[in-house]
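Where a number appears in this text, it was derived from the coordinates with a stated rule and is not lab data. Source: prediction; values computed, not measured. For neighbour counting, all protein chains shown are included, and Cβ atoms are generated from backbone atoms with ideal geometry for every residue, glycine included.
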Amino acid sequence: MDARELKIKYLDFFKKKGHAVIKSAPLIPEHDPAVLFTTAGMHPLIPFLLGQPHPAGRRLVGVQKCLRTDDIEDIDDDSHLTFFEMIGNWSLGDYFKKEAITWSYEFLVKVLGINSKKLHVTVFKGDKAAPRDKESAEAWLSLGIPKNRIYFLPKEDNWWGLESGPCGPCSEIFIDSGVPGCSAECRPGCGCGKYFEVWNNVFMEYNKIKDGGYERLRQKNVDTGMGVERMVAMLQNRKSVYDTELFIPLINAVKSLAKRQGLKSLRIIVDHARAATFILGDERGVAPSNLGQGYVLRRLIRRAIRHARLLGIEKGVCQAVAEVVIKNYAKEYPILDEKHDFIIKELVKEEERFLKTLERGLRIFEKIARNKSRISGRDAFLLYQSYGFPIEMTQEIAVEKGIKVDVKGFTEAYEKHRGLSRVSAGKKFKGGLADASEETIKLHTVTHLLAEALRRVLKKEVRQKGSNITPERLRFDFSFDRKLTEDELRRVEDLVNEKIKTGLRVWHEQMTFEKARKAGAHAEFKAKYGEKVFVYFIGDFSKEVCGGPHVKNTRELGKFRIVKEKSIAAGVRRIRAVLEL
Ligand code: SER
């Protein structure tokens, strides 16, 4: 069974169980202050897991584009990928453990034909925050999974959630690959390769709050996720995800350019170039840069290029992989085709930029490393600053040469130079969580007021190009071709504050995208025809297609102040603003 068939079967199965199919949200989250990329199918559903009604109903199923950078060092193993598709079904306060587990079993055994004797499952052992999950264990037992294949595991293994927000105990499903276990203690979760993790059922009935405690959610949810690439490898009896139809054509494209062999480099190249293609070709795609998602993208492209050189490939490797990725996925993600020229152009540009300094950088590296066992923070920073070597690349080359790098020293030099906090730089690359604090909700609402105020003051249809909100401030990028005057900025500020003072009611209505457009609601993205969306209204001042959440009345917002206005690209301006008491 290939990936496409697996996805169709999954969607069909859950459609028959009353689920509505939702389309993948962008890889780059729309309103998420602390995380750069969507890391799981539940991510775009956070407001709905917290209780907001979803326009498509309480039972959802879909395939979500995901990207994780925390496993980046494991990318050359058999199962970790930077970009992957996660297919899942969700219950938003509807069915719970019994149904979710029964359907997982039915789908695996009856639809996919997996021998039930190979299934091993885990359930939560219980602790202070939540009790032992007897209900899930019962559900598995009633399906014929014997006790010795049900493992009660602690929170480290059997709890799923982001740093805060909806979370809960999970029940993971593993398939015994048939190879002997590594030891007598070998059990699901052990990385030796005996147990292949295929699906996770998370029972989200808790909300992790900032201070680390848990509270009960208003509703009991189910969040499940199956990694498409891993499942396909399993179904095709392949040891590695790279041995499936999803990667073989990409590997062949690289091999046809390579002069030397090297499995690790080959895997890194196809994984990274594929992820880069999806970042560039996202609905909210960005170009390589030194910040945020753009910097993750830059790191992926540059690491792929360096590994290509280890295989004797002079240039063009990411472009070659991207062409195959676009061709293979365009049917499912037409946006890749639409953005084809942008993807290729940016990959070529980034390669040109990097190749200009790579050779010299490598020579400097040799010079610095000569007779040393450690590269200083200052030198690592020089390699970054003057030769464009991301720190992981310096570390990786150092490891190849058996020397160390003073990463702490590098971070200090970097921080000093950029005035960025180490925590935020590090955390952002690792991924984080969606924050729905009161502050971010307020800033989210005031962003709508700001967008409308800009339109009215500038008398132009300014389009939102991006937004990023932390509990401290909002950042709003929009299309406009010149600097705003002092007077314009003051008028925008005044208009927003006037609307706050008036105390406008904020509410939402559900309608088709077409109807929303006809009603004059602003929207950053095109939804599919007929798809239901929420339109948020702020009095009669603003109408925007948006997933929320928002405050109930603008009176809650405080005083709005614009801190800065500047250009970030040709025709794109950025405003930073805050809310004060
Ligand atoms: N969110 C859970 C996971 O990523 C289930 O999809 O494993």
Cβ-Cβ cut-off under 9 Å around Phe203, Lys and Arg +1, Asp and Glu -1: the net charge is -2
Note, the range 511-519: 3J(HN,Hα) by Karplus (6.51, -1.76, 1.60, θ = phi - 60°), whole Hz, Gly/Pro = x, goes 7, 6, 4, 4, 5, 4, 5, 5, 6
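Given just the C-alpha atoms of the range 283-351, how large is their convex hull per residue in cubic angstrom? If you can, show how the numbers build up before the last one.
Details: hull volume 5.5 nm³, N = 69.
Convex hull of Cα atoms, per residue: 80 Å³.
So, counting K/R as plus one and D/E as minus one, what does the shell of residues with Cβ under 14 Å around Lys16 add up to?
Working: positive: Lys9, Lys15, Lys17, Arg59, Lys110; negative: Asp12, Glu99, Glu106.
Once positives and negatives cancel, what remains is +2.
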Anchor Lys9: lysines whose Cα lies under 19 Å away (excluding residues fewer than 8 positions away in-chain): Lys17, Lys23, Lys65, Lys110, Lys331
Could you derive backbone 3J(HN,Hα) for the range 87-100 from the dihedral phi with the Karplus parameters 6.51, -1.76 and 1.60 (θ = phi - 60°), listing whole Hz in sequence and x where the residue is Gly or Pro? 9, x, 10, 10, 10, 9, x, 10, 6, 9, 4, 4, 5, 4
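List the trypsin sites (Lys or Arg not before Pro) in the range 98-141 that DSSP assigns to loop (not H, G, I, E or B) and whose Cβ has at most 12 other Cβ atoms within 10 Å. Which are they? Could you put the intermediate results ahead of the total?
Values: sites: Lys98, Lys110, Lys117, Lys118, Lys125, Lys128, Arg132, Lys134; in loops: Lys125, Lys128, Arg132.
Sparse-neighbourhood loop trypsin sites (Lys or Arg not before Pro): Lys128.
Count charges around Leu27 for me, please; just the other residues with Cβ under 10 Å from its Cβ, Lys/Arg as +1, Asp/Glu as -1. Kindly include the intermediate steps, with their values, before the conclusion.
Working: positive: Lys65, Arg284; negative: Asp282, Glu283.
Surrounding charge for Leu27 is 0.
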Find the Cα radius of gyration of the range 189-252, compare it with 2.2 N^0.38 Å by division, and give the number to two decimals. 1.64
Over the Cα atoms of the chain, what is the Rg over Rh ratio if Rh follows Kirkwood? 0.97
Using Cα pairs closer than 8 Å and at least 6 residues apart in sequence, work out the relative contact order for the range 93-201, in percent. 26
Among the GluC sites (Glu not before Pro) in the range 228-322, which ones are in a DSSP loop with at most 13 other Cβ atoms within 10 Å of the Cβ? Mind listing them? Glu245, Glu314
Hey, got the Cα dimensions of the range 3-108 along the principal axes, in Å, largest first? 39, 32, 23
Normalised radius of gyration for the range 280-405, please: alpha carbon Rg relative to 2.2 N^0.38 Å, two decimal places. 1.17
